[in-house]
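Beneath this line is the structure, given in structure tokens, with notes to follow.
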Amino acid sequence: GARMGPGYFPLVLGILLAVLGSVITFKSLVVETQDGDKIGKLAWKPLVFIILANLVFGASIGGLPIIGLPPLGLMVGIYLLTFIASNAGDEFKFKEVIVLATILALLSYLAFIVLLKLQFPVWPAFLAA
């Protein structure tokens, strides 16, 4: 701890998150549910939509050269992420999702592009030309 470098905080944070995740996972597998089963029924719909939303977001930011998909940028990625992830719930309200996606896109632009000055595409590559 006397000679902390730039990777010290992420290392400690990663260890703490791993320990916390292990404790939560252990408790969820050991504690019984009301009907006596140790593990409850898996909710496949939210699991699939949330993972799919993150994969689509990553592909939209960086593109997929293997299939010829150019980078779609931060704005399109956030809208896709929000619309796909919102299908994980029981109800889908288009107006609420569009407002949420717009606020998320604006705040992300402000935080990552304006304040942090990160260098990644904001808009689709074919719009920049």
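Tabulated results
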{"item": "Helix-only CD estimate at 222 nm, as mean residue ellipticity for the chain, using -39500 (n - 2.57) per DSSP H run (n ≥ 4)", "result": "-19000 deg cm²/dmol"}
{"item": "Cβ-derived FRET efficiency at R0 22 Å, residue 54 paired with residue 127, nearest 0.05", "result": "0.40"}
{"item": "Relative contact order [Cα under 8 Å, 6+ residues apart], the chain, whole percent", "result": "21 percent"}
{"item": "Unit Cα scatterers, Debye sum, the chain: log10 I(q)/I(0) for q = 0.14, 0.19 Å⁻¹", "result": "-0.92, -1.12"}
{"item": "Span-like helix ranges in the chain, DSSP H, alpha carbon extent 24 angstrom or more, Kyte mean at least 0.0", "result": "8-30, 44-62"}
{"item": "Three-way shape call for region 38-112 based on the alpha-carbon gyration tensor, with the a/c threshold at 1.5", "result": "oblate"}
{"item": "Other-chain or far-sequence residues with amide H under 5 Å of residue 69's (modelled H)", "result": "64"}
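Bear in mind that the values in this text are calculations on the coordinates, not laboratory data. These numbers come from a predicted model, not from an experiment. Virtual Cβ from ideal backbone geometry, glycine too; neighbours counted across all protein chains shown.
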